[in-house]
Amino acid sequence: MILVNHHRYLAEASDSEGRRLGDLMLNPDFAPAAEWAHLQAVRNDAVAASAHYGPGTIEPVIDEVLGPPFVCGIRIRFDAQDPAYQGAIIHWRFFQPSVEESAARLVRNGALRAGETFRHRVYILPQTENDPVPTAGTDVESEETVPLKLKRAAIVRRLDGAGRLCPAAWNDLDFPLFVKPEVLAEATALAQSAGEWEIGGILVGYLHRDTDSPEVYAEITAQIPAALADAGHTYLGFTPQAWAAVSDALALRDLQEIILGWWHYHPFFCRHCDLARRHHCLLSRPFFSRDDQELHRVVFDTAFSVALLLSDIGEASLCCDWFGWRCGAVETRGCYLLNEYHSNPDDHPTESHSTATHTANAREHPHEQ
């Protein structure tokens, strides 16, 4: 995908007393945000699902209170078949990873102590011909596109009797996601047999286009264990051998399923700690680690890619959490557990869809560095 960007993004940093600490040069990765924005446009029937990604334009959203040059987010526009569609706004949290990376410079030069709270406000400057480094994800065309098929299937049939998982994580911006109960049962059984080792697999299924609306939704129909993954007590990596086994399994199933994401298991990291220490330990509750986020960003970068995390936190049953892309960041999300009655996808004509294989500035947003 080609992204056109005419601005540089910086953050004005100040301490808790409002004293200016300096400017942070930001280099945000726009690619995940563009992927998500394009999927939102498809869901709104603003762009054709069968069209290859055209150029997208990154537009800053000016902060209505502070005024220019301060921004509260970005909007990524595509050539829309619906002229009324303005595109989704991606708010200030999108800049957070870039702010964290740049803030390390303030720590190195002594303007900020490690762990000290500071505030930042993102602003823009025009791009110049002398800018030496292009913004990540900008003016770079993806090396590969993956042709997809959107299967026509009525979402109302999936919703009939479906239960909501992770209700606290539901967000109206997320596309509907359905999972068959046997997928969770199989993953849970594998996790419970893994002991103190991480384990995982690949989630496969279909992308559907609703028969009565433009909505796009995903249905996870199976999980393929990553038996040949590189795994340990605190890590999981998908090796070439693991991917080859997944490819072979998909070929044997011969159901035209696509890869929709992955799942992995976190063992009880605090198993050998005393109860008092467990109460304050971040490892004693479910979490999507930096390594997990990096793996998702590199390997599962399409906007529809999701992740299931099964966590042992010392309770009778494993915790189940879902994650996916929202506004260019990996966030917790909700999921529907399918009714047993809807075990097979509908047989409907398919719709071609090609997609690339690939959160927002508070007015004074506190940040822990």
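Here, each number is a calculation from the coordinates, and none is a lab measurement. Nothing here was measured: the structure is a model prediction, and the numbers come from that model. Every residue, glycine among them, receives a Cβ derived from its backbone with ideal geometry; neighbour counts consider all protein chains shown.
Counting other beta carbons within 10 Å of each residue's own, what order do 120, 6, 91 fall into, fewest first? Before the final figure, lay out the partial values.
Numbers: 120 26, 6 12, 91 17.
With the sparsest Cβ surroundings first, the list reads 6, 91, 120.
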Each label sits 7 Å from Cα toward the beta-carbon; between residue 172 and residue 61 the label points are separated, in nm, by 1.4 nm
Taking every other residue with Cβ under 15 Å from the Cβ of residue 182 and scoring Lys and Arg +1, Asp and Glu -1, one gets -2
With the dipole of region 154-347 defined by +1 on each Lys or Arg Cβ and -1 on each Asp or Glu Cβ, the option from 220, 169, 156 whose Cα lies farthest towards the positive pole is 169
Summing +1 per Lys or Arg and -1 per Asp or Glu among the other residues with Cβ less than 12 Å from residue 295's Cβ gives -4
In order over region 188-196: 3J(HN,Hα) from phi, Karplus 6.51/-1.76/1.60, θ = phi - 60°, whole Hz, x for each Gly or Pro, gives 5, 4, 5, 5, 5, 8, 7, x, 9
Ranked output for segments 318-327, 198-207 by mean other Cβ atoms within 10 Å, highest leading, reads 198-207, 318-327
Taking a crude spin-label model, label points 7 Å out from Cα along the C-beta direction, the residue 17 to residue 114 distance in nm is 2.4 nm
Taking 64-76, 328-340 and ranking on average Cβ neighbours within 10 Å, highest first, one gets 328-340, 64-76
Counting sequence-distant residues (5 or more places) and residues on other chains, those with an amide H built under 5 Å from that of residue 7 are 127
Under the Karplus relation with 6.51, -1.76 and 1.60 and θ = phi - 60°, whole-Hz ³J(HN,Hα) for region 207-215, x at Gly and Pro, equal 9, 10, 10, 4, 6, 10, 7, x, 4
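If the convex hull of the alpha-carbon atoms of region 154-347 is projected onto planes in all directions, what is the mean projected area in square nanometres? Don't skip to the answer; put the middle values down first.
Working: hull surface 46.0 nm².
Its Cα hull, projected and averaged over all orientations, spans 11.5 nm².
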So, with points 7 Å from each Cα along the Cβ direction, the residue 251-residue 127 label distance in nm works out to 4.2 nm
